[in-house]
Amino acid sequence: MREERYILVSLLTLILIALASVSFGQYNINCPALCISAVILLTVTFLVYQQNSIYKGLWYKPSNVFLLSFLIVNFQYVFDLVVGFKKYSSFDYPETVNKMSVLCSYGLLAFMIGYYISSSLLKKKKRFSEKAFETHVRIDPIFISVVQVVLFGLWLLSVDYYALISGRAYGAVGHNRLATFAELLFYCSTLTLLVTVILNSRSLGQQKYKDFLQSISVVNWVVIGLYCIIRMFSGDRGPFLYTVLAVFFAYVASTRVKINLIKLILPAVGFILLMNLIGMARKDSLSMSFGTRISNAYTEFMGTTEGRFSDKTILPGTDELASSNLCNQIAINMVDYKGHPLHMGGYVVAEVVQCIPFVSSFLVNNLKISDKDLSSNMMMTEEYVGRSDIYQIGTTVIAESYFDFKTIGVILMMLIVGWSFYRVDNGICIRNPDSELALMVFMLLASMAVYIPRATFFGQLKNFVPMLVMFYISKILFQKKSRILKKH
């Protein structure tokens, strides 16, 4: 089988990774250098596989977004070290750097093997039924459209949006629970609305950009646009990015469009520049106009190779994302050097259980389970900062898995992530899944592909239940059925 060749090539990188892990001392630069060589070999192999598969030309598939983010989070600073931009002393925990390089290399290897295995297994499934016609449900999105607009209005009423745009506040002002809850549900309603667009495209035969735009109300597009603008200028650019990715992948899933690589790179570079200019502009005095701060930020950005969160770096534009590797350092330091006990899968279980609404507060308030036992983010924040009520450092998919079962935990988790993202790629870019539930999960993971490397995998599913409720209320009240000829 074709996948077996790529699995074999990937496994050969074990020689490089194993050599890096056992042959050199704690501060020997040859260790991260070998790991970077393994990363390059794995990435090239993955891209060659892509161009020799059904994903040829689909550079924007969700797994590629995940892979790019994963490489930045886990290897950008390591690459800086190898090329001389950084020294071991540039890291918060320099004694962990070589171990971190090896650990993340194993994670990348496991991700790609999981991806290839998933590809092989999916090909064995029967792709078409014997029926000449199939029934598709067409759902009038009016209910979800109204819910989305109402939630957006509720969010605006619960935050000082002028403070967000001007730079006087970041996120939900004063840890406003209503704002956080309204924004979460707004995101869920937007995703659910986009899922109905994809489902309806089956029976409507939507193939053009204009059809996609007309699939929901202008009011909903205006709401999405306003939300993205507010969040972009608030400094909390994550929600802006997740929403943009959700719309983009819904468009891809509905129209099966293929975008030229050049046309993809230019907007991406412009987008990264804009994100960094906004982030840098927020550091200037609020007495200046935002336009002046943007102008100053542009001058600073074009005249330096330094990142916002570190010294000189190979890609200043992605420095904020790369700074999340601190979590990997903390995890290794706590487990390997301070003897912190393993959680034996406790964090994975906690992430899955907390996807059920209100379970998190029940665990904390009724069962008196510590926040640190439910979230590696909380534990590492208290370890690094000393308190978590104002500032939190977050986590990574590598760090949290390491707390559970060390290297074995990282490998198992990344196998699952790789296996899952092949399904996501297939469901978004090639053939929508027959299951509505699967489509919702795929859209969730696709929109969060850039975020998962600096967070957790199963934690992204917390939005699934609210989406499920909205979707089935709409389906029960506003569904129509149509029969279309299946294309073989």
Matching entry among 450, 417 (being touching a residue at least 12 places away in the same chain (Cβ under 8 Å), outside any helix (DSSP H, G or I) and not small (Gly, Ala, Ser)): 450
query: Within region 429-438, can one find any residue that is over 14 Å from residue 198 (Cβ atoms) and basic (Lys, Arg)?
result: no
message: I need a count of the residues in region 92-106 that are closer than 11 Å to residue 77 by Cβ and small (Gly, Ala, Ser).
response: 1
field: Counted residues, region 309-356 - those being more than 19 Å from residue 402 (Cα to Cα), surrounded by fewer than 17 Cβ atoms within 10 Å (Cβ to Cβ), in contact with a helix residue (DSSP H, G or I) (Cβ under 6 Å, 6 or more places away or on another chain) and of a type in the set (Val, Ile, Thr)
entry: 1
- request: Could you please find all residues in region 191-212 being at pLDDT 90 or above and basic (Lys, Arg)?
  value: none
query: If the Cβ limit is 9 Å and pairs must be 6+ apart or interchain, which residue in region 52-73 that is farther than 14 Å from residue 318 by Cα and touching a residue at least 24 places away in the same chain (Cβ under 8 Å) pairs with which residue that is of a type in the set (S, T, N, Q) and part of a loop (DSSP other than H, G, I, E, B)?
result: 57/260
task: Being polar (S, T, N, Q) and part of a helix (DSSP H, G or I) is the filter; apply it to region 47-56 and report the residue that is farthest from the chain's Cα centre (by Cα).
output: 51
- line: Exactly one of 77, 6, 93 is within 21 Å of residue 320 (Cβ to Cβ), surrounded by 15 or more Cβ atoms within 10 Å (Cβ to Cβ) and over 21 Å from the mean Cα position of the chain (by Cα), and that one is 93
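With the structure loaded, tell me whether residue 172 is modelled with pLDDT under 90 and closer than 15 Å to residue 227 by Cα or whether it fails that test.
In short, yes.
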message: Can you say whether residue 422 is within 20 Å of residue 459 (Cβ to Cβ), in contact with a helix residue (DSSP H, G or I) (Cβ under 6 Å, 6 or more places away or on another chain) and not aliphatic (A, V, I, L, M), as far as the supplied structure shows?
response: no
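Count, please, the residues in region 1-46 that happen to be of a type in the set (D, E, K, R) and either assigned to a loop (DSSP other than H, G, I, E, B) or free of Cβ contacts under 8 Å to residues at least 24 places away in the same chain (or both).
We begin by selecting, within region 1-46, every residue of a type in the set (D, E, K, R); these are 2-5.
Pick out the ones that are also either assigned to a loop (DSSP other than H, G, I, E, B) or free of Cβ contacts under 8 Å to residues at least 24 places away in the same chain (or both) and you get 5.
The number of residues fulfilling the criteria is 1.
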query: Residue check: is residue 107 in contact (Cβ under 8 Å) with a residue 24 or more places away in the chain and either surrounded by fewer than 19 Cβ atoms within 10 Å (Cβ to Cβ) or farther than 30 Å from residue 259 by Cα (or both)?
result: no
- prompt: How about region 282-344: which helices (runs of 4 or more DSSP H) wholly inside it have at least 1 residues that are more than 22 Å from the chain's Cα centre (by Cα) and at pLDDT below 60?
  reply: 290-302
query: With respect to residue 412, is the statement that it is aliphatic (A, V, I, L, M), crowded, with 20+ Cβ neighbours inside 10 Å, under 19 Å from the mean Cα position of the chain (by Cα) and not in a loop (DSSP other than H, G, I, E, B) true?
result: no
Residue tally, condition modelled with pLDDT of 85 or more and either in contact with a helix residue (DSSP H, G or I) (Cβ under 7 Å, 6 or more places away or on another chain) or over 12 Å from residue 400 (Cβ atoms) (or both), over region 357-377: 1
- prompt: Does region 13-32 hold any residues that are within 16 Å of residue 82 (Cα to Cα) and surrounded by fewer than 19 Cβ atoms within 10 Å (Cβ to Cβ), and which are they?
  reply: 24, 25, 26, 27, 28, 29, 30
- prompt: Can you name every residue in region 367-405 that is assigned to a helix (DSSP H, G or I), under 30 Å from residue 122 (Cα atoms) and not hydrophobic (A, V, I, L, M, F, W, C)?
  reply: 400, 401, 402, 404
- request: For residue 215, state whether it is outside any helix (DSSP H, G or I), touching a helix residue (DSSP H, G or I) at 6+ places or on another chain (Cβ under 7 Å) and either closer than 24 Å to residue 468 by Cβ or modelled with pLDDT of 95 or more (or both).
  value: yes
- prompt: Exactly one of (1) touching a Ser or Thr at 6+ places or on another chain (Cβ under 9 Å); (2) not in a loop (DSSP other than H, G, I, E, B) is unmet by residue 100. Its number?
  reply: (1)
message: Any residue at all in region 470-481 that's at pLDDT 90 or above, of a type in the set (A, V, I, L, M, F, W, C) and buried (at least 21 other Cβ atoms within 10 Å of the Cβ)?
response: yes
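The values are calculated or read from the model by the stated rules, or taken from the named source; none is laboratory data. Remember, predicted model here, so these are calculated numbers, not experimental data. So basically every Cβ, Gly included, is an ideal-geometry build from the backbone, and we count neighbours across all protein chains shown.
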